[in-house]
1. Could you tell me whether any residue of region 23-30 is in a helix (DSSP H, G or I), over 28 Å from the mean Cα position of the chain (by Cα) and farther than 22 Å from residue 126 by Cα?
2. Tell me, yes or no, whether region 196-205 has at least one residue that is part of a helix (DSSP H, G or I), crowded, with 19+ Cβ neighbours inside 10 Å and among the β-branched types (Val, Ile, Thr).
3. Quick one: is residue 140 within 30 Å of residue 119 (Cβ to Cβ), of a type in the set (A, V, I, L, M) and not in a loop (DSSP other than H, G, I, E, B)?
4. Can you pull out the residues in region 97-109 that are buried (at least 16 other Cβ atoms within 10 Å of the Cβ) and under 11 Å from residue 206 (Cβ atoms)?
5. Having 1 or more residues that are of a type in the set (A, V, I, L, M) and at pLDDT 95 or above is the bar; report the helices (runs of 4 or more DSSP H) wholly within region 63-135 that clear it.
6. Any residue in region 31-42 that is under 13 Å from residue 120 (Cα atoms) and modelled with pLDDT under 90 sitting within a Cβ distance under 9 Å of a residue that is in a helix (DSSP H, G or I) and not charged (D, E, K, R)? List the pairs, counting only those 6 or more apart or interchain.
7. Within the bounds of region 31-40, is there any residue that is over 29 Å from residue 132 (Cβ atoms), out of contact with any Phe, Trp or Tyr (no Cβ under 6 Å at 6 or more places or on another chain) and in a helix (DSSP H, G or I)?
8. Does residue 112 count as among the basic types (Lys, Arg), surrounded by fewer than 17 Cβ atoms within 10 Å (Cβ to Cβ) and under 14 Å from residue 182 (Cβ atoms)?
Amino acid sequence: MTEATGGRRERRKARTRAEVRATAQRLFGERGFDAVTIADVAAAAEVAVQTVFNHFETKEALFFDGRTPWVEGAAAAVSQRPPGSDPVAALRSYLEADLTELLDQESRPENRSYLMALQRSTSLQTRERALVEQAGALVAGPLGQAISAGDWPAAPAADPATAHVLSRLVADLFLVAGRVLVVENRRLLLHPEPDESRRLSVTAMTMATLAELEHCVAGLARQLLDRPLGRPA
């Protein structure tokens with residue numbers, strides 16, 4: 001296979017994936033997630049059912065495709081931060097920007113069907129929680145390395161075991177807090193009598209929450225370093 005042939009093949013695959021995703025997300029918006037089958041998506045996109053599965057392992061993966069850059073983006077913000085900079089500050093900064101954009105995006109009228117689908121499907125809610133857990137695990141990797149290397153000013157003397165625990169605690173606290181705020185914003189958006197002032201307050205609450213979390217996890221680090229793992233209280 002020549003380079004040109006391989007390039008054309010990859011472009012065709014990318015177009016097919018994009019077309020299947022667009023078709024599926026249109027059907028989900030029109031009928032609701034649970035009412036649409038993979039066979040329905042394949043028929044509407046004029047491809048074989050196996051073609052859909054070649055690109056998306058589950059219907060839930062198809063629903064969220066292209067909508068969850070934060071799953072890998074949060075970890076990249078830590079691993080690709082400038083040398084010598086604070087890894088937790090990098091995580092907070094990324095989440096501030098990402099959550100602000102997400103809260104604004106989900107408030108747009110054209111995305112209401114997406115929010116309704118999430119509200120009505122327990123399988124989608126389960127999948128979203130799993131994505132949050134996955135994002136936390138991905139963040140914990142580079143964060144643990146940074147803490148072990150002494151790059152976090154709050155924990156300059158962390159041993160590997162403490163660094164491992166701290167990285168998981170910090171990552172999950174930030175990611176789970178983000179989900180709580182996003183879910184609250186959705187609840188307000190879908191309320192029969194929306195309160196715009198309360199919804200807008202979620203953005204301010206997000207900034208305050210992330211700032212306080214950064215402060216609190218620094219205090220937690222100091223507590224754990226004063227009492228290393230394995231030493232009785």
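The values are calculated or read from the model by the stated rules, or taken from the named source; none is laboratory data. As the structure is a computational prediction, the values presented were derived from the model and not from experiment. Here Cβ is always computed from backbone atoms with ideal geometry, including for glycine, and neighbour counts include all displayed protein chains.
1. Going through region 23-30, the residues in a helix (DSSP H, G or I) turn out to be 23-30.
From what is left, the residues that are over 28 Å from the mean Cα position of the chain (by Cα) are none.
No: zero hits.
2. Looking through region 196-205, at least one residue is part of a helix (DSSP H, G or I), crowded, with 19+ Cβ neighbours inside 10 Å and among the β-branched types (Val, Ile, Thr).
3. Details: within 30 Å of residue 119 (Cβ to Cβ): yes; of a type in the set (A, V, I, L, M): yes; not in a loop (DSSP other than H, G, I, E, B): yes.
When the stated conditions are applied, residue 140 passes them.
4. Narrowing region 97-109 to residues buried (at least 16 other Cβ atoms within 10 Å of the Cβ): 98-99, 102-103, 106-107.
98, 99, 102, 103, listed by residue number.
5. Details: elements: 70-79, 87-106, 112-120.
Answer list for region 63-135: 70-79, 87-106.
6. Correct list of pairs: 32/113; 32/116; 32/117.
7. Going through region 31-40, the residues over 29 Å from residue 132 (Cβ atoms) turn out to be 39.
Subset that is out of contact with any Phe, Trp or Tyr (no Cβ under 6 Å at 6 or more places or on another chain): 39.
Among the residues that remain, those that are also in a helix (DSSP H, G or I) are: 39.
Checked against the condition, which is being over 29 Å from residue 132 (Cβ atoms), out of contact with any Phe, Trp or Tyr (no Cβ under 6 Å at 6 or more places or on another chain) and in a helix (DSSP H, G or I), region 31-40 yields at least one hit.
8. Details: among the basic types (Lys, Arg): yes; surrounded by fewer than 17 Cβ atoms within 10 Å (Cβ to Cβ): yes; under 14 Å from residue 182 (Cβ atoms): no.
So residue 112 fails the test.
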